[in-house]
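Following this message is one structure expressed as structure tokens.
The values are calculated or read from the model by the stated rules, or taken from the named source; none is laboratory data. On a predicted model such as this, the values are computed, not experimentally measured, just so you know. Cβ: placed from backbone, ideal geometry, glycine included. Neighbour counts: every protein chain shown.
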Amino acid sequence: MSITIRPLHPVFAGEVHGIDCAAQLTPGEIAAIEAGMDKYAVLVFRDQNLSDEQQLAFTKQLGPLEAYGSPGHIRKDVEQRTPKGVADFSNLDKDGDIIAADARVWFFKLGDRLWHSDSSFRPVPAKYSLLSGRVLPSWGGNTEFADMRAAYDALDQGQKDEIEPLVCLHSLMYSRAAIGFTDLTDDERAAFQPVRQRLVRTHPVTGRKSLFLAAHAGAIEGWPIPEAQMFLRDLTEQATQREFVYSHQWRLHDLVMWDNRQTMHRARRFDDRNEVRDVRRTTLAGDVATIEQTA
Ligand SMILES: [Fe+2]
């Protein structure tokens, strides 16, 4: 079976046909998926009824998993519903009950509704994220993606020149502070120390430039904080105009894969008090710190 990709949006995102994600991939299929990711930055695989183990196996065929010792969240690393390597992005606790609206872990999860790139708060940020839709709500819960290559291309030359040398500081503290959640422990603050990231990235294969923005970015080196935060907010607004955004309406057993180097994404509201949304993520490691990339 040969792979075909149908565009889902004028500037990026495609729907893949001709792949069974539960099966062993051929080298040709892996090459086709990677070429598809380089071009579309977001790929949707329909009707992939995967177990956690199958999702892990599929992901590992595309590269090494992201594995950090320090947490990317505040939930303790015990009694997870999912095996190691599969992150639980549901609104359920370990017992399968809906997380309380006033739980710290829920406040923390709400931060994913801001535009972001996964793991931009890590020294080497993530390459691809793969999200599997296991249980979906009857209303809402879309995942929206914004193409940071198209957003970069649309800047005027003066903006491109201004942002080219800029280095931002990213931390989970900034994205959580943006929704008013600042009640962190000393251990969490220590784990969430800001990391440096270039604002402009260059794709290693296509050479296309893109904006490396995220709600995790809360400072620009050498700039006063309010000046930096206003600048980043303004640039994010410009970069997430509707013409750059694909809104993914989930179908049961969709597997959606995105390139964190070239896109931002955000979760959208659903009735999280009464309905279950069980989506699970595997993540491929990035291979280089953005700061080491030549400007
Ligand atoms: Fe995310």
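Within the range 276-295, which residues are in a strand (DSSP E or B) and under 25 Å from His170 (Cβ atoms)?
Val279, Arg280, Arg281, Thr282, Thr283, Leu284
Of Phe145, Phe192, which residue is under 18 Å from the mean Cα position of the chain (by Cα), in contact (Cβ under 8 Å) with a residue 60 or more places away in the chain and under 14 Å from Ala214 (Cα atoms)?
Sole residue among the options that is under 18 Å from the mean Cα position of the chain (by Cα), in contact (Cβ under 8 Å) with a residue 60 or more places away in the chain and under 14 Å from Ala214 (Cα atoms): Phe145.
Could you list, in sequence order, the residues of the range 247-262 that are of a type in the set (Phe, Trp, Tyr) and under 20 Å from Glu34 (Cβ atoms)?
Here is the first cut: in the range 247-262, the ones of a type in the set (Phe, Trp, Tyr) are 250, 258.
Of everything in the range 247-262, just one residue is of a type in the set (Phe, Trp, Tyr) and under 20 Å from Glu34 (Cβ atoms), namely Trp258.
Go through the residues of the range 57-75 one by one and say whether even a single one is free of Cβ contacts under 8 Å to residues at least 40 places away in the same chain and hydroxyl-bearing (Ser, Thr, Tyr).
No, the conditions are met nowhere in the range 57-75.
Please name all residue pairs, on different chains or six or more residues apart, with Cβ atoms under 6 Å, provided the first residue is in the range 102-119 and is closer than 17 Å to Glu188 by Cα and the second residue is small (Gly, Ala, Ser).
The qualifying pairs are Gly111/Ser175; Ser119/Ala126.
Moving on. Taking the stated definitions as given, is Glu188 surrounded by 14 or more Cβ atoms within 10 Å (Cβ to Cβ) and assigned to a strand (DSSP E or B)?
Values: surrounded by 14 or more Cβ atoms within 10 Å (Cβ to Cβ): yes; assigned to a strand (DSSP E or B): no.
For Glu188, the condition - surrounded by 14 or more Cβ atoms within 10 Å (Cβ to Cβ) and assigned to a strand (DSSP E or B) - is not met.
Right, something else. Looking only at the range 241-267, filter to residues that are within 12 Å of the ligand (Cβ to nearest atom) and more than 17 Å from His203 (Cα to Cα); which one of those is nearest to the chain's Cα centre (by Cα)? First the steps, then the outcome.
Step one: of the range 241-267, the residues within 12 Å of the ligand (Cβ to nearest atom) are 256, 258, 260, 263-267.
Among the residues that remain, those that are also more than 17 Å from His203 (Cα to Cα) are: 256, 265-267.
On the way: Val256: 11, His265: 6, Arg266: 8, Ala267: 10 Å.
The extreme case among them is His265.
How many residues does the range 147-185 contain that are assigned to a helix (DSSP H, G or I) and modelled with pLDDT under 95? Write out each step before concluding.
Going residue by residue through the range 147-185, those that are assigned to a helix (DSSP H, G or I) are 148-153, 157-163, 172-177.
Subsequent filtering for residues that are modelled with pLDDT under 95 retains none.
Total satisfying the criteria: 0.
A further question on this structure: Within the range 125-142, how many residues turn out to be closer than 27 Å to Gln61 by Cα and either over 14 Å from the mean Cα position of the chain (by Cα) or part of a strand (DSSP E or B) (or both)?
So the answer is 9.
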